[in-house]
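Structure, as structure tokens:
The values are calculated or read from the model by the stated rules, or taken from the named source; none is laboratory data. Treat the numbers as computed from the prediction; the structure is a model and nothing was measured. Ideal geometry is used to build each Cβ from the backbone, glycine not excepted, and the neighbour counts take in all protein chains shown.
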Amino acid sequence: MPGRRKSHKIAARDPDRNTSLAAFWLAAFCALVVTPICLFALFATNEGIEAMAAAQARSFQGQSFTVTSPGLADGALLTRRHAASAGDCGGENVSPALAWSPSPEGTRSHAVIVYDPDGGKGLGSVHWVAYDLPASTNSLAEGEGTAAPGPFVGGTNTRGLTAYSGPCPPIGDQPHHYVFGVYALDIEPGSLEPGLTRDKLLQAMRGHVLAASSIVLRYAR
């Protein structure tokens with residue numbers, strides 16, 4: 001459907017067939033040298049997320065890794081229940097349920113990043129950063145992103161919060177796209193300090209992404 005961003009199932013796929021060559025070689029370079037320019041170029045778009053994961057996860061070629069949100073199809077509209085409750089946002093700030101399976105052999109932990117590339121007046125907005133989810137975890141129930149304490153270490157989102165912060169796009173905007181990305185990592189739980197921003201977490205994840213995938217959900221007011 002026009003205007004929708006597609007989710008990306010990223011699991012060590014053949015980069016020549018599943019990502020553009022330009023994106024792949026940029027990802028391969030950035031897998032070795034992380035700079036602010038690389039981080040912006042790679043993670044400001046879904047293609048960048050896919051290319052980075054493909055470049056780092058080639059040894060797991062053929063394994064499938066998918067993310068779903070029970071009750072919500074890819075590209076579906078979030079409800080007010082999932083929207084932010086602050087100010088005039090009018091929501092309940094309940095994080096949607098997520099599920100993923102299976103994780104590649106060697107996975108030690110998972111990370112979740114929720115990013116709105118349409119937010120921040122086009123500069124993007126981070127709604128949730130979570131990591132240190134155990135390797136045995138393959139789902140988060142509805143509301144676990146806002147519950148305290150959650151089964152994860154909270155990173156810092158755009159609003160300076162360490163938990164899920166729901167959508168609150170400007171009234172009248174076309175539906176924003178919220179990329180719920182899940183990463184299978186070979187990083188042992190407890191290795192990362194609490195409160196990392198998205199950019200700092202992405203730097204820490206460099207060279208440690210075994211597989212990644214996303215589901216895109218939308219919201220408008």
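Can you find a residue that is among the charged types (D, E, K, R), out of contact with any strand residue (DSSP E or B) (no Cβ under 6 Å at 6 or more places or on another chain) and on the phi > 0 side of the Ramachandran plot anywhere in region 102-116? So far as region 102-116 goes, no, none of its residues is among the charged types (D, E, K, R), out of contact with any strand residue (DSSP E or B) (no Cβ under 6 Å at 6 or more places or on another chain) and on the phi > 0 side of the Ramachandran plot. The condition of being within 18 Å of S85 (Cα to Cα) and free of Cβ contacts under 8 Å to residues at least 60 places away in the same chain holds for only one of A141, A148, that being A148. Taken residue by residue, region 135-145 has no member that is at pLDDT below 95 and touching a Gly at 6+ places or on another chain (Cβ under 9 Å).
When L192, L185, L201, L161 are screened for being in contact with a Gly (Cβ under 7 Å, 6 or more places away or on another chain) and at pLDDT 95 or above, only L201 passes.
Taken as a whole, the condition of being in contact with a His (Cβ under 9 Å, 6 or more places away or on another chain) and either closer than 20 Å to L201 by Cα or of a type outside the set (S, T, Y) (or both) does not apply to T107. Sub-6 Å Cβ pairs linking a first residue in region 114-127 that is within 16 Å of D199 (Cα to Cα) to a second residue that is crowded, with 19+ Cβ neighbours inside 10 Å and of a type in the set (K, R), at least 6 apart or interchain, are V126/R198, ordered by first then second residue.
Out of P189, P194, P169, P151, one residue alone is farther than 22 Å from N93 by Cβ, assigned to a loop (DSSP other than H, G, I, E, B) and touching a strand residue (DSSP E or B) at 6+ places or on another chain (Cβ under 7 Å). It is P189. Sub-7 Å Cβ pairs linking a first residue in region 92-104 that is of a type in the set (D, E, K, R) to a second residue that is part of a loop (DSSP other than H, G, I, E, B), at least 6 apart or interchain, are E92/S85, ordered by first then second residue. Checking each residue in region 72-127 for being buried (at least 21 other Cβ atoms within 10 Å of the Cβ), of a type in the set (S, T, N, Q) and not in a loop (DSSP other than H, G, I, E, B) picks out S109, S125.
Checking each residue in region 184-214 for being in contact (Cβ under 8 Å) with a residue 40 or more places away in the chain, in contact with a Leu (Cβ under 8 Å, 6 or more places away or on another chain) and within 23 Å of S165 (Cα to Cα) picks out A184, L192, D199, L201, L202, Q203, M205. Do you know which residues across region 151-167 are touching a residue at least 24 places away in the same chain (Cβ under 8 Å) and of a type in the set (A, V, I, L, M, F, W, C)? Within region 151-167, F152, V153, A163 qualify.
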